[in-house]
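Only one structure is covered here, and it is reproduced in the block below.
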Amino acid sequence: MNIIIVGCGKVGWTLAEQLCNEEHQVVVIDTNSEKIQQLSEDLDLLGITGNGSSIRVLSEAGLKEADILIAVTGSDELNLLCCLIAKKVSDCHTIARVRNPIYNKEVHFLKERLGISMIINPELAAAMEISRLLRFPSAIKLDTFSKGRVELLKFKVLPEFRLQGMSVMEVIEKFRTDILICGVERGENVYIPSGSFTLQDNDLVSIIASPKNSALFFKKIGVHTHQVRNALIVGGGTLGYYLASLLIEMRIKVRIIESRRERCEELSDLLPEATIICGDGTDKKLLFEEELAEAESFVTLTNLDEENIFLSLFAKKVSKAKLVTKVNRLMFDDVVDELDLGSVIYPKYITADYILQYVRAMSNSVGSNVETLYQILDSQAEALEFYVRESSIVTDIPLAQLNLKNNLLVACINRGGKVHIPRGQDTIQVGDAVIVVTTVKGLKDLKDILKR
């Protein structure tokens, strides 16, 4: 597809990189000529220096032939204006990043009256991801497929689980739950494990299962699976507000530490059921006064990555709380991952993932049948959900007889709302939703799981 991206920040760059890898025709517009030059040198795309709300610049980018325009500049108003102009000039789909909570209440109007296809709010999307993690605190990361019927969870193997030295097959046989161990991260190495693969303590293991079966598996290995009862949040910005609102709906007791008195007063009006503490979230004395040592979850959402990281490291030392750490800068993610900060949330990645899912859904209507795609295993592998619309060379044949590509697992089949982990004699049928996990990038059709 022909895709125009307006804005070359972290989200725009991530989108451009991924869409180029998926062989779309990409044009990026930004007012910063240095960024455009660097992006053009690194990726196979066209970069244009200019204002994305200019008809001349958009015409130069090929707006009339574009399938999608994605506006992810730092200005909500500019993003909306770019989309509005694009709809007047072209018949393309439009996606706008809009972060102001005021606009969040007007999403329906913006989509219906202005014709914007998708509006993504980074803070709200990040808050939703954090709330899922606090609902299932044992997971480091949790993604969903098939409208929540299937979960992809990542957890760390601890000595008390007694999984050290057990093969994947032994784990399945011993605990007798319908789950699939579909990925293992060990140091810098990533594995799509076979049945003989042996687990070690401190491995990061990804499993696929229905919510019921994943909860049963964790219960059997001795992991706490109930949602947290309270949350201590440092940082009362937009993300903190959205998260507190979601947690209050989940009947989780919320306390927010915020340093700005004016903002504290606003939050007190907006969130009457939360406890708002005006103070310095890095003050050790204050943290202990607010019972950090007894907290079931601790979420750091300040605007300083360093502050969030140090606070989480401190909390790890003095409490057993579920830790969630917000990090904005993406270039040091490998260093951050080594610090063992619990669940690390990158709002920029989450925003890009939501937009990419919409783009893939559009691709689906022009031939591809990828419904959902997540980057997993430190972005070295993908979990893809395919919907089977017609018979093909992969349907009605036992999986054991299919010549599947290496480092690829058919991980789950959802048939008529019933989820199960397939074995060798199972077949893929028309109407199924099929989840595949693989290190092979660029699968566009379910038939691509086969060796050529």
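The values are calculated or read from the model by the stated rules, or taken from the named source; none is laboratory data. Model, not experiment: these values are computed from the prediction. In this analysis, Cβ positions are derived from the backbone assuming ideal geometry, glycine residues included, and neighbour counts consider all displayed protein chains. All accessible areas refer to the heavy atoms of the entire protein, side chains included, with ligands and DNA or RNA removed. Shrake-Rupley method; radii C 1.70, N 1.55, O 1.52, S 1.80 Å.
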Quick check on this structure: which one of GLY235, GLY240 is modelled with pLDDT of 95 or more and farther than 18 Å from ARG132 by Cβ?
GLY235
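Take LYS418 and tell me if it is surrounded by fewer than 16 Cβ atoms within 10 Å (Cβ to Cβ), within 20 Å of CYS182 (Cβ to Cβ) and touching an Asp or Glu at 6+ places or on another chain (Cβ under 8 Å).
Answer is no for this residue.
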Going by the structure shown, is ILE413 assigned to a strand (DSSP E or B) and more than 26 Å from ALA352 (Cβ to Cβ)?
yes
Only one of LEU247, LEU239, LEU232 that is open to solvent by less than 50 Å² (accessible area, probe 1.4 Å) and out of contact with any strand residue (DSSP E or B) (no Cβ under 6 Å at 6 or more places or on another chain)
LEU239
Taking the condition of being assigned to a helix (DSSP H, G or I), open to solvent by 30 Å² or more (accessible area, probe 1.4 Å) and within 27 Å of VAL440 (Cβ to Cβ), how many residues in the range 19-40 meet it?
1
Looking at (1) of a type in the set (Asp, Glu); (2) touching a residue at least 24 places away in the same chain (Cβ under 8 Å); (3) closer than 24 Å to PRO122 by Cβ, can you tell me which one GLU77 breaks?
(2)
What tally of residues in the range 254-280 results from selecting those that are among the hydrophobic types (A, V, I, L, M, F, W, C), open to solvent by less than 50 Å² (accessible area, probe 1.4 Å) and not in a helix (DSSP H, G or I)?
7
Can you pull out the residues in the range 192-214 that are surrounded by 18 or more Cβ atoms within 10 Å (Cβ to Cβ) and small (Gly, Ala, Ser)?
SER206, ALA209, SER210, SER214
Only residues that are outside any strand (DSSP E or B) and open to solvent by less than 30 Å² (accessible area, probe 1.4 Å): list them for the range 178-191, please.
ILE179
Just to be sure I understand, how many residues within the range 196-228 are assigned to a strand (DSSP E or B) and either over 21 Å from the mean Cα position of the chain (by Cα) or free of Cβ contacts under 8 Å to residues at least 24 places away in the same chain (or both)?
1
Filter result for the condition that a residue is surrounded by 16 or more Cβ atoms within 10 Å (Cβ to Cβ), in contact (Cβ under 8 Å) with a residue 12 or more places away in the chain and of a type outside the set (Val, Ile, Thr), over SER343, SER391:
SER343
Sort out which residues of the range 87-108 are closer than 13 Å to ILE68 by Cα and in a loop (DSSP other than H, G, I, E, B), and write them in order of number.
SER90, ASP91, CYS92
Taking the range 133-159, which residues are modelled with pLDDT of 90 or more and assigned to a helix (DSSP H, G or I)?
LEU133, LEU134, PRO159
Taking the range 28-79 on its own, how many of its residues are under 25 Å from the mean Cα position of the chain (by Cα) and of a type in the set (Gly, Ala, Ser)?
3
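For every residue, the table says whether it meets (1) over 20 Å from LYS253 (Cα atoms); (2) open to solvent by 20 Å² or more (accessible area, probe 1.4 Å); (3) outside any loop (DSSP other than H, G, I, E, B).
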position	(1), (2), (3)
THR282	yes, yes, no
LYS285	yes, yes, yes
PHE288	no, yes, yes
ALA293	no, yes, yes
PHE298	no, no, yes
ILE309	yes, yes, yes
PHE314	yes, yes, yes
LYS317	yes, yes, yes
LYS320	no, yes, no
On the basis of being closer than 22 Å to SER117 by Cβ and either at pLDDT below 95 or aliphatic (A, V, I, L, M) (or both), does LEU39 make the cut?
no
Has the range 131-139 got at least one residue that is surrounded by fewer than 18 Cβ atoms within 10 Å (Cβ to Cβ), in contact (Cβ under 8 Å) with a residue 24 or more places away in the chain and of a type in the set (Phe, Trp, Tyr)?
no
Count - residues of the range 63-86 that are among the small types (Gly, Ala, Ser) and open to solvent by 20 Å² or more (accessible area, probe 1.4 Å)
2
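Going through PHE161, PHE145 one at a time, which residue ends up being surrounded by 17 or more Cβ atoms within 10 Å (Cβ to Cβ) and out of contact with any Ser or Thr (no Cβ under 8 Å at 6 or more places or on another chain)?
Details: PHE145 fails: out of contact with any Ser or Thr (no Cβ under 8 Å at 6 or more places or on another chain).
That would be PHE161, the only listed residue that is surrounded by 17 or more Cβ atoms within 10 Å (Cβ to Cβ) and out of contact with any Ser or Thr (no Cβ under 8 Å at 6 or more places or on another chain).
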Residues of the range 383-404 being among the charged types (D, E, K, R) and in a loop (DSSP other than H, G, I, E, B), in sequence order, are ARG389, GLU390, ASP396
If only one of ILE140, ILE120 is more than 24 Å from GLU185 (Cα to Cα), touching a Lys or Arg at 6+ places or on another chain (Cβ under 8 Å) and among the β-branched types (Val, Ile, Thr), which one is it?
ILE120
